[in-house]
Amino acid sequence: MDDEKQLGINIRELRKLRLLTQDELAERAGFSLQHVGDIERGKANPTLSCLLKLAEVLNVTVSDFFAPKEQASLGDEEIRQCLLDFIGKAGKKNLSIFYTLYKGMR
């Protein structure tokens, strides 16, 4: 697999971990949806300034885009924020499932 493709896969995984759509990432970073999609598919070769902006929006370092998946893990605060974002966006069915899991863990 070429470097651009792997970079795109890593960026996509980090974006999804944060429950962001491509459109949301593009808007927050100030890029077009097309550009973010091209980066994630390995069709674009992003500049350093582009990577810095994406890293800022995703709350990671640029090196996390190149790190193996295990090394780009989330910290406790990031996990909390991801869960809060998920709950905020979840529909009734997912909220019910989440609540059942929560009750089982208490």
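The values are calculated or read from the model by the stated rules, or taken from the named source; none is laboratory data. Bear in mind the structure is a predicted one, so any value in this text is a computation, not a measurement. Here the Cβ positions follow ideal geometry from the backbone for every residue, glycine too, while neighbour counts run over all protein chains shown.
In summary, ASP38 fulfils each of the numbered conditions (1) within 14 Å of the chain's Cα centre (by Cα); (2) assigned to a helix (DSSP H, G or I); (3) surrounded by 14 or more Cβ atoms within 10 Å (Cβ to Cβ); (4) modelled with pLDDT of 90 or more with the single exception of condition (1).
Among the conditions (1) crowded, with 18+ Cβ neighbours inside 10 Å; (2) not in a loop (DSSP other than H, G, I, E, B), VAL60 misses just one, which is (2).
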